[in-house]
Every structure is written in structure tokens, then in C-alpha cells.
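Heads up: the structure comes next, in C-alpha cells.
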Amino acid sequence: MKTNARSSTRYIALDIHKHYAVVAAVDREGQVLLKPRKVTNEQLSDWATAHLFAEDMVVIESTSNAWHVYDLLSPLVAEVKVANPIRIKQIAEARTKTDKRDALILARLLAANLIPEVWVPPVHVRELCQLVSQRRRLVEMHTVVVNRMHSVSHRHHLGHPKGKRFQEKDMAWRNQLSEMERFQLEMDLETKQYLKGQSDRLTRRLGTMSHQSAWAA
């Protein structure tokens, strides 16, 4: 159970994985205060509330779920640093890699003030990046579908008006395809239309956000 606040700083590392984190802590001299232990994602919030103190320093590596952990831990401790995982490997490449060893190495680098940090974007910037990234993926998927449709016409040496992206009135050439190819082309047409609708919807949302206070700057 959590007791009164500590008078000395602990240096705590969380080696984050998909379903759990390995937690370890050392003092300023690098002596182990908390032996590495596994904490599942479901346990992490309760564990942090019960075991972290306002004087603690925490480090996590930048991963796909790092921001959730950062937001969870930041109100509980003095500071949470987010480490660049590539730079960490360059600084402390271990011959024998285990989750427990990685957590202790990370904690000791934190105690020695040797963490190569990454910028922690504020929440509104993360939200914007997520939407822009999602729109980019939709556009890339749309391009894949269109290229596949083009390949059908090219395979059969069938022409269609330049600059026309498979509009219904310009697709008489598809009658020359086999039944199976027409079926596949119709599915691609539906997919193309859906993806365009989704990307257009995201574009409108981004346009609205660009005039709101959190993102206008």
C-alpha cells in the first residue's frame, strides 16, 4: 500500500509491451530499489496510484501506446520522460536482452540523466496527427484500388478517356471483360467510392478544426 511521500527521488522505468509493462526502480547511485516485475495493462492504473510518489522520476520508451501511459503517470510523479528507443539501444546495447534487464538499464540511464528524450506533443497535436495519418492511409488505399482498376483495362488493352477516374458514363469498356472481372471491378468501384467518401469526410473535419482555437495556430 502507498504510504507517506518519500524524501528521496526514485528513478523508475517502464519497459512497455503490447499487453504489459515491466517496472523497475533504482536510486541515484543505480542501486535497485524495486526489482523488475511485470504489470499487465489492466493492472497499471491501480499499480501506479498505489506505488508512485510525487518525487518519483519515470521514464518510458516511445511506443505506439506510450502516450496513454504518459498521460496516466504524469499527474502522479515529478516528471515522465519519453525516451527515443533507437538512441537507447545505441547507448546501452546489452548482449543478453530480457525484459527485466531492459527495465533496469532504462532506470539507471534515467538516474544518470542520460535519457535521449523525444518531444511529447500536447493532446490536441496528437489528435491532429492521428486524423492526418488516418486520411493519408485512406488516400493510399484509394490509390491502390484505382491502380488495380487501371491494371484491368491495361491488361486487355482497353482505353478510357484520359483524366476520367472510372466514371459510370465512361466505362462502356467494362462490357468487354469476363463475368468474374466485371464482378471484381464493381467491387473495386464500390470500395473506391467508399474510401473517397471517408477521406472527404476527414478533409472537411480537418478544415473545421483549422479554424478552432486549439489548432488554428
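The values are calculated or read from the model by the stated rules, or taken from the named source; none is laboratory data. For clarity, every value in this text was computed on a predicted model and none was experimentally measured. Note: ideal-geometry Cβ built from the backbone for every residue, glycine included; neighbour counts use all protein chains shown. Please note that ligands, DNA and RNA were not included when accessible areas were found on the heavy atoms of the full protein model with its side chains. Shrake-Rupley method; radii C 1.70, N 1.55, O 1.52, S 1.80 Å.
Checking the structure you have, find out if any residue of the stretch 8-18 is out of contact with any Asp or Glu (no Cβ under 9 Å at 6 or more places or on another chain), without any contact (Cβ under 8 Å) to a residue 60 or more places away in the chain and among the hydroxyl-bearing types (Ser, Thr, Tyr).
Of the stretch 8-18, the ones out of contact with any Asp or Glu (no Cβ under 9 Å at 6 or more places or on another chain) are 18.
Pick out the ones that are also without any contact (Cβ under 8 Å) to a residue 60 or more places away in the chain and you get 18.
Keeping just the survivors that are among the hydroxyl-bearing types (Ser, Thr, Tyr) gives none.
No, because not a single residue in the stretch 8-18 is out of contact with any Asp or Glu (no Cβ under 9 Å at 6 or more places or on another chain), without any contact (Cβ under 8 Å) to a residue 60 or more places away in the chain and among the hydroxyl-bearing types (Ser, Thr, Tyr).
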Quiz item: What single numbered condition from (1) modelled with pLDDT of 95 or more; (2) touching a Ser or Thr at 6+ places or on another chain (Cβ under 8 Å) fails to hold for residue 145?
Solution: (1)
Exercise. Using the structure shown, decide if residue 12 is within 19 Å of residue 70 (Cβ to Cβ) and at pLDDT below 95.
Key: no
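Residue by residue, here is whether (1) open to solvent by less than 50 Å² (accessible area, probe 1.4 Å); (2) in contact with a Phe, Trp or Tyr (Cβ under 7 Å, 6 or more places away or on another chain); (3) of a type outside the set (Gly, Ala, Ser) holds:
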position: 25; (1), (2), (3): yes, yes, no
position: 31; (1), (2), (3): no, no, yes
position: 44; (1), (2), (3): yes, no, yes
position: 53; (1), (2), (3): yes, no, yes
position: 61; (1), (2), (3): yes, no, yes
position: 80; (1), (2), (3): yes, yes, yes
Practice problem: Tell me which residues, restricted to the stretch 9-29, are over 15 Å from residue 51 (Cα atoms) and either β-branched (Val, Ile, Thr) or touching a Lys or Arg at 6+ places or on another chain (Cβ under 6 Å) (or both). | Solution: 16, 20
